[in-house]
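Please treat every number below as a calculation from the coordinates, not as lab data. Keep in mind the model is a prediction, meaning the values are calculated, not measured. Neighbour counts run over all protein chains shown; Cβ positions are idealised from the backbone, glycine included.
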Amino acid sequence: MNLPRTAPQRAPRLLPGLARKDGFLLHPWDEAHGVRTSGLVAGRHLRAGHAHDRHITAYYGVAPSVFRGLLARWRKLHHAPLHKTTFIDIGAGMGRAVLLASELGFRRALGVELHPTLIRSARRNAAIWRKAGRARCPIRFHAGDAVAFGFPPGPCVAFLFNPFGQVVMRRWLLAAVRAFANRPGELSILYVNNEQEDVFEKVRASLSRLSSRGNPDDPRPNLVRLFHGPIQRSSQDRLADHRILANQPDGEYASAPHEDCSIWEWLS
Ligand SMILES: C[S@@+](CC[C@H](N)C(=O)[O-])C[C@H]1O[C@@H](n2cnc3c(N)ncnc32)[C@H](O)[C@@H]1O
């Protein structure tokens, strides 16, 4: 009997930086939870046809200890109830920060991501996370550009782990400020590896100039920085990130014991 020939099954092609031959190592957090958020993909490998994708820095999941440290710092400074607040990861990658946020009691945890392959991984990870019963709130991932993302009503916390360069950071920040123009007190911005901090300073300064020309009895909201400083990695994350980055064949990135972070609020 002649059986129909079937093409040999090929494993799907991984993005550069996610294969063992590229020096990929699994982060122990992924190993512990059965998800896949590890790997380093340089920005040049994340071009998928959008005008903003040439400004992508890289994909790399935030160190869980840095995420938790920054959230704990924010909660000391910001007392609005978490169950009314939406968490949004701006440049969500494979979803590590959204999964971590979903354990904390937010109203919902959202992620917006430009690269289609990364967002597919994020959705797979969310399914695993929900099945394991770890999500305490709804999780959603939106495919597309962070600058065009429509913020939901109610208090929001936008989380950024150095997703893009200066041009897109300025566009994103101006879009956020416009969206919250009449919603002072409803936006917090948590920024890890805050390379584009000067964009925030410039936008704040230009808003102050506009505001000082207006009615002093009707102050306009502006950006206020509540925190600026290092957040330490745990020893487990320090070791893991060091091993992962040192294993990269081109040695392009290095890891430090901490991440420089800042916390901004939109206040009147
Ligand atoms: C350093 S990774 C951070 C991943 C995730 N936030 C985390 O902490 O695990 C930055 C991510 O931002 C995404 N990104 C960059 N520019 C973007 C844009 N304009 N819109 C949406 N996502 C973007 C990249 O594709 C990348 O996945």
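Values computed for the structure shown
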item: Separation of the Ala143 and Arg120 label points, Cα + 7 Å toward Cβ, nm; result: 0.9
item: Helical contribution to [θ] at 222 nm, DSSP H n ≥ 4, -39,500 (n - 2.57), averaged over the chain, rounded to 500; result: -9500 deg cm²/dmol
item: Overall form of region 26-135 per C-alpha gyration tensor (a/c, 1.5; a/b vs b/c); result: prolate
item: With Cα atoms, 0 to 90° folded angle of helix 64-77 axis to the chain main axis; result: 20
item: Net +/- balance of residues flanking Leu226 in space, Cβ distance below 14 Å, scoring K and R +1, D and E -1; result: +3
item: Convex hull per residue volume in Å³, alpha carbons only, for the chain; result: 152
item: Residues of region 19-46 with amide N under 17 Å of a point placed 7 Å along Cα→Cβ from Ala246; result: 23-28
item: Helix axis angle, 116-131 relative to the chain longest principal axis, alpha carbon, degrees; result: 90
item: Length released on extending from Arg134 to Ser206, taking residue separation times 0.36 nm less the Cα-Cα span; result: 21.7 nm
item: By average C-beta atoms within 10 angstrom, highest first, the peptides 117-127, 249-259, 100-110; result: 100-110, 117-127, 249-259
